[in-house]
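Read-outs throughout are calculated quantities, based only on the coordinates presented, and are distinct from any laboratory measurement. Everything quoted here is computed from the prediction, not taken from an experiment. Glycine gets a Cβ as well: all are built from the backbone with ideal geometry, and neighbour counts include every protein chain shown.
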Amino acid sequence: MAELPGAGLATAQAAAPGTDPQIVVDPRKPYLDVDHLQIGLQRDGLPLHIVDTVTVSLLPGASLGIVGESGSGKTMLCRSFTGTLGRYGVGITGGRLSIAGHDLTNAREKDWRPIRGRAVGYVPQSSLAGLNPVLTVETQLLEALGLGSRTLTKAQARIEARQLLDMVKIPRADAVLHERSHQLSGGMRQRVMIAAALALRPPLLVLDEPTTALDVTVQYEILVLIRQLREELGMGLILVSHDLAVVEFLCSQVMTMYAGATVEIGASENIRSRPRHPYTNALLHSRLGMAERGKDLVAIPGESPAVGAWPEGCRFWPRCSSAADACRTGAQPAPRLVDGHLTACIRAEDVT
Ligand SMILES: Nc1ncnc2c1ncn2[C@@H]1O[C@H](COP(=O)(O)OP(=O)(O)OP(=O)(O)O)[C@@H](O)[C@H]1O
Ligand code: SF4
Ligand SMILES: [Mg+2]
């Protein structure tokens, strides 16, 4: 689903100086803790689920790639980590979400404002359109730095804005500060978006398909930059991508989503070499599985179901060549441990 225009840089709005809630980074505890999360809305008086249900936790500094076909709920899940679901008319309808030591399940905009940007930096999908075309790069970075809401003079903020451009290795940074988005290449715009997301040095960066609209050489440069930034800043990473090779390049764990649910999650290497869910296996052999370049690519038959039209039983059964009668009834299988990672397939030991 495309992002709303201008939904990009709305990150840093600190509360009154001295009153900001603490961002807790405890190496022994998950920094991000998502437990049976449901995201949805009411339509005609009935609940409509978009994400149902996702359970994942991430220690400080850890990395997770999220893959899945279009419409599987990847963006809505990431949006829940930034408290911006309301802009799409949806919200958290069940489960629990905790970030940086704060239970944010029922958080409202006023609760999110001092946390967003400080706890999680976010580069949204279609972010190349996320910069405001009217404002200079500097003005937008000052906004991301929270000028006006932090005890920061304009002169200090200008220095920080310049440092942010250095951090994302933008060439001719002094000139770029005074330019507007149409004067920048796609790669430069993406670097500015990443700089803005890092303005308040969040311990976790969420990138929703950061390289999709870029040409191949620039894609690689951005991926290398992200890797360097992680090494330099020690921050955690959540990366949404259609490309499993990209995920493996940057993330030590991967989660496959299908029709709003987690269907497989575990170490990237383990899942690539031993996928136990037929859907992940199919992704690895389809166009999404670019790690398998050179092999014959097999399209996954059929289409993923639209929200509101998920079948009973395992949501993947209409497309699954291993489906048995037991797969077509009951609830979506819950992930369970098979071969060292979690898989939501009742036949995981027999298939793939
Ligand atoms: N307000 C809404 N009302 C109804 N359906 C919605 C609403 N917002 C999102 N959806 C649906 O939720 C589903 C998940 O959307 P989402 O953008 O998270 O998918 P995605 O996995 O990020 O897909 P893509 O790979 O195309 O970006 C989509 O089918 C979308 O149409
Ligand atoms: S539970 Fe059944 S339908 Fe679902 S993925 Fe496993 S084998 Fe296929
Ligand atoms: Mg998306």
Averaging sequence separations of C-alpha pairs under 8 Å and six or more residues apart, then dividing by the length of segment 39-145, give the relative contact order as a whole percent. 21
Of Gly187, Gly313, Gly40, the most mobile residue in a GNM of the chain (C-alpha springs, cutoff 10 Å) is Gly313
Which residues does a label at Val224 reach in segment 165-189, if reach means a backbone N under 15 Å from a point 7 Å past the Cα toward the Cβ? 168-171, 187-188
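Taking only DSSP H segments of four or more residues, each worth -39500 (n - 2.57), what value at 222 nm results for the chain once the sum is divided by all its residues, to the nearest 500 deg cm²/dmol?
Details: 10 runs with 87 residues, N = 352.
Computed mean residue ellipticity for the chain: -7000 deg cm²/dmol.
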Ranked from fewest to most other Cβ atoms within 10 Å of their own Cβ, Leu141, Leu237 fall in the order Leu237, Leu141
Between Gly68 and residues 5 or more places away or on another chain, which pairs have amide H atoms under 5 Å apart, with H built 1.01 Å from N, and which residues are they? Met257
Percent of all Cα-Cα pairs per 5 Å bin for segment 15-96, counting from 0 up to the last occupied bin, reads 3, 13, 19, 21, 18, 13, 8, 4, 1
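Based on DSSP loop calls and a cut-off of at most 16 other Cβ atoms within 10 Å, the longest stretch of the chain free of exposed trypsin sites (Lys or Arg not before Pro) is what?
181-286
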Sorted from fewest to most neighbouring beta carbons within 10 Å, what does the list Ser322, Ser126, Ser80 look like? Ser322, Ser126, Ser80
Could you list log10 I(q)/I(0) for segment 54-192 at q = 0.10, 0.16, 0.17 Å⁻¹, which the Debye formula gives when each Cα is one point scatterer? -0.42, -1.02, -1.12
So, relative contact order of the chain in percent, Cα under 8 Å, 6 or more apart, is 20
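Among residues other than Gly83 whose Cβ falls under 11 Å from its Cβ, what is the net charge (Lys/Arg +1, Asp/Glu -1)?
Numbers: positive: Arg79, Arg87, Arg108, Lys110, Arg113, Arg116; negative: Glu109, Asp111.
The answer is +4.
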Compute the acute angle (0 to 90°) between the alpha-carbon long axis of helix 154-167 and the principal axis of greatest extent of the alpha-carbon atoms of the chain; round to the nearest 10°. 50
Consider a paramagnetic label point 7 Å from the Cα of Gln183 along Cα→Cβ; state which residues of segment 155-171 have an amide N under 15 Å from it. 171
Take the alpha carbon atoms of segment 219-352, find their radius of gyration, then divide it by 2.2 N^0.38 Å using N residues; give the quotient. 1.12
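What is the extension gain from Thr329 to Arg108, computed as 0.36 nm multiplied by their sequence separation minus the C-alpha to C-alpha distance, in nm to one decimal?
Values: separation 221, 0.36 × 221 = 79.56 nm, distance 3.71 nm.
Taking 0.36 nm per residue and subtracting the Cα distance, the gain is 75.9 nm.
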Explain nothing, just compute: Karplus ³J(HN,Hα) = 6.51 cos²θ - 1.76 cosθ + 1.60, θ = phi - 60°, for every residue of segment 238-245 in order, whole Hz, x for Gly and Pro. 10, 10, 8, 8, 8, 10, 5, 5
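Between rounded, prolate and oblate, where does segment 130-201 land on the alpha carbon gyration tensor, with a ≥ b ≥ c its root eigenvalues, rounded for a/c under 1.5, else prolate if a/b exceeds b/c?
Working: a/c = 1.70, a/b = 1.52, b/c = 1.12.
Verdict is prolate for segment 130-201.
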Quick one: order Tyr88, Tyr258 by neighbouring beta-carbon count within 10 Å, fewest to most. Tyr88, Tyr258
Could you give each residue of segment 58-68 its phi-based ³J(HN,Hα) in whole Hz, using Karplus coefficients 6.51, -1.76, 1.60 with θ = phi - 60°, and x for Gly or Pro? 9, 6, x, x, 7, 10, 9, x, 10, 10, x
State to the nearest 20 debye the size of the charge dipole of the chain about its Cα centre, where the only charges are +1 on K and R beta carbons and -1 on D and E beta carbons. 580
With no solvent and one point per C-alpha, what does the Debye sum give as log10 I(q)/I(0) for the chain at q = 0.06 Å⁻¹? -0.22
